Amino acid sequence: MNYLLSGVTFVFSFLFLTLEHFKMPYIAFKSGAYIFLTSFAQAFILKYCSARYENNAFKFWRYTLSFGIGIILYFLLWEIMVLLSGNSWGLNELSRVLMYLMFSVVINTIILALHDFVIVRRGKIQADLENYRLQMKNTEAENLVLKEQIQPHFLFNALSTLKILYKKDPEMGEHYLLQLSDFLRVAVSHNNKFIATLEDELSICINYLEMQKIRFTASLDWQIIIEDQESLQGKIPSFSLQPLLENAIKHNVLTAQLPLHIKIHQSGNGIEVSNNINPKFYKETSLKSGLSNLAERYRLLTEEDIIVKNNGKEFSVRFKFLDQ
């Protein structure tokens with residue numbers, strides 16, 4: 001800013017002042033040199049006062065030193081330029097001294113105002129940046145809390161299922177345990193990620209659905225439809241699909257006569273999970289680990305809402321890929 005201000009002052013002074021008199025370039029050079037020296041002097045004074053004085057004395061000393069040094073510089077430069085131009089004047093010319101004094105005060109005030117404007121703008125930008133960083137940290141912390149609610153809930157259900165399978169069919173229980181081990185391995189490897197690709201999430205979903213197929217056999221069927229293979233690299237909240245599958249199984253009746261059909265469908269810029277509705281006669285106690293969890297996590301990341309539809313026959317949840 002100091003270089004720009006000095007250059008602009010010199011150019012404009014030179015262009016306008018040399019139109020009528022050839023000795024005016026001295027004045028143009030004096031104006032540019034004065035702006036240059038005063039701007040950098042005030043910048044130095046600003047740094048010195050900010051390090052030397054506390055807030056209550058900072059402005060007083062800064063303005064006092066700035067105006068004092070600015071006035072001294074103005075008179076020194078003017079005397080030098082007057083000598084170079086072959087003219088002379090004395091301090092006894094009161095009217096001229098007052099004019100130069102007023103002019104130097106005006107110039108100092110303008111430079112101080114510009115410096116203060118830059119300082120205020122810089123402070124605001126730094127404050128906004130710090131607020132943004134704090135907001136991101138807060139978002140990540142909230143996201144982590146919400147995400148970590150999923151895994152204990154799933155693990156509780158999986159262990160309950162494993163217990164039942166070992167009582168009925170130990171061989172099937174062992175196979176289910178291997179599937180569970182693979183699932184937990186993937187879950188742990190993605191534990192610190194807030195965002196995942198659709199491909200990674202579908203891998204988790206397939207593993208989970210195969211585990212449930214062991215338990216429910218013909219009572220459960222599922223399909224995954226991907227219309228655009230490039231969308232597999234699209235970003236979505238990590239562990240956003242599996243809880244929806246878990247909710248569908250949890251809140252519906254699964255029998256050979258009333259099988260549950262789950263569909264994961266990618267179309268356009270979003271992903272949708274849907275299932276037919278076979279409501280249970282009783283409602284299970286619901287932990288905050290499914291739909292509401294996803295809704296909060298998605299809102300934290302995008303400030304948008306997921307789309308939930310329920311027409312009595314089919315329940316679906318749809319959300320767009322993240323812009324990241």
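Miscellaneous remarks
- Mean silhouette area of the stretch 173-261, derived from the convex hull of its C-alpha atoms and averaged over all directions, reads 6.3 nm².
- For the residue pairs Lys193/Lys213; Lys163/Lys280; Lys167/Lys235; Lys213/Lys320; Lys235/Lys280, the C-alpha atoms sit more than 32 angstrom apart in Lys167/Lys235; Lys235/Lys280.
- Expressed as a whole percent, the accessible area of the stretch 209-252 that falls on carbon and sulfur atoms is 47 (1.4 Å probe).
- Peptides ranked, highest mean first, by Cβ atoms within 10 Å: ranges 204-216, 267-279: 204-216, 267-279
- Per-pair calculated FRET efficiency, R0 = 35 Å: Asp305 and Leu155 via Cβ, rounded to 0.05: 0.75
- Nitroxide proxy distance, nm - points 7 Å out along Cα→Cβ at Ala51 and Ser95: 4.7 nm
- Highest-first packing order for the peptide set 103-109, 254-260 is 103-109, 254-260, based on the mean count of other beta carbon atoms within 10 Å.
- Seen from Ile306, the other residues with C-beta closer than 14 Å to its C-beta sum to a net charge of 0, counting Lys and Arg as +1 and Asp and Glu as -1.
- Amide H contacts of Leu322 (H built 1.01 Å from N, in plane; Pro and chain starts excluded): Lys235, Ile236 sit under 5 Å, all sequence-distant by 5 or more or on other chains.
- Estimated FRET transfer efficiency (Phe60, Ser292; beta-carbon r; R0 41 Å; 0.05): 0.15
- Other residues within the sphere of radius under 13 Å centred on the Cβ of Lys320, judged by their own Cβ, net out at -2 (K and R +1, D and E -1).
- Estimated at 0.36 nm per residue, the fully extended path between Met102 and Ala218 surpasses their Cα-Cα distance by 32.3 nm.
The values are calculated or read from the model by the stated rules, or taken from the named source; none is laboratory data. Note that the structure is a prediction, hence the values are computed from the model and not measured. We place every Cβ from the backbone using ideal geometry, glycine too, and count neighbours over all the protein chains shown. Protein only, heavy atoms only, side chains kept; ligands, DNA and RNA dropped before computing areas. Shrake-Rupley method; radii C 1.70, N 1.55, O 1.52, S 1.80 Å.
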